[in-house]
Amino acid sequence: MIQRSISLEQAQTIVAAALKEGRKLALKPLTVVVLDPGGHMIALAREDNSSNLRPQIATAKASGALALGISSRTIAEMAIERPTFITAAAGLNPAGIVPAAGGILLRNTDGAVMGAVGVTGDTSDNDEICALAGAAAVGLTG
């Protein structure tokens, strides 16, 4: 049977690896979410002292990546040139869109989208580093 979505076990591994990377880099408290290809939450972890809105931000980073088929870093770049489009798209997407690095698509070796991960809590660049570490822990790319 062909796997078309992230499993719970994979999602938990992604979350753990992303948080481990954050601790290794001594980052601020992180929140990590993993979504399936349809945008449904599979796993979420919010570190102690992570601020209240972080779960929604992490979800919007990952959900935005799924909605537009590109990383949230690329969405941020698009927002500079096409702010009206990104604002409108964010309103259409039930979980929103956060145009900042930290949300990546999770692709298998064939390039199929298996889901997305969103990380928030530190700088967007560091959030993305942790998201990529999570993906790598299960053999997926961002």
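The values are calculated or read from the model by the stated rules, or taken from the named source; none is laboratory data. Bear in mind that the values here come from a model prediction, so they are computed numbers and not experimental data. Backbone-built Cβ (ideal geometry, glycine too); neighbour counts: all protein chains shown. Accessible surface is based on the protein model in full, side chains and every heavy atom, while ligands, DNA and RNA are left aside. Shrake-Rupley method; radii C 1.70, N 1.55, O 1.52, S 1.80 Å.
S50 meets each of the listed conditions (1) polar (S, T, N, Q); (2) touching a residue at least 60 places away in the same chain (Cβ under 8 Å); (3) assigned to a helix (DSSP H, G or I) apart from (3).
Could you please give the count of residues in the stretch 9-36 that are over 18 Å from P55 (Cα atoms) and either outside any helix (DSSP H, G or I) or without any contact (Cβ under 8 Å) to a residue 60 or more places away in the chain (or both)? Total meeting the criteria: 5. If you take the residues in the stretch 107-142 that are touching a helix residue (DSSP H, G or I) at 6+ places or on another chain (Cβ under 9 Å), in a loop (DSSP other than H, G, I, E, B) and at negative phi, which one is surrounded by the most Cβ atoms within 10 Å (Cβ to Cβ)? Taking the candidates together, the pick is L140.
In this entry, R82 is excluded by the filter for residues that are open to solvent by 60 Å² or more (accessible area, probe 1.4 Å) and within 15 Å of D127 (Cβ to Cβ).
Here is a check on your reading of the model: is R23 among the basic types (K, R), at pLDDT 95 or above and buried (at least 19 other Cβ atoms within 10 Å of the Cβ)? No: the conditions fail for R23. Restricting attention to the stretch 47-71, which residues are out of contact with any helix residue (DSSP H, G or I) (no Cβ under 6 Å at 6 or more places or on another chain) and either of a type in the set (F, W, Y) or closer than 21 Å to A17 by Cβ (or both)? Once the filter is applied, which keeps residues that are out of contact with any helix residue (DSSP H, G or I) (no Cβ under 6 Å at 6 or more places or on another chain) and either of a type in the set (F, W, Y) or closer than 21 Å to A17 by Cβ (or both), the stretch 47-71 yields E47, D48, N49, S50, R54, P55, I57, A58, T59, A62, S63, L66.
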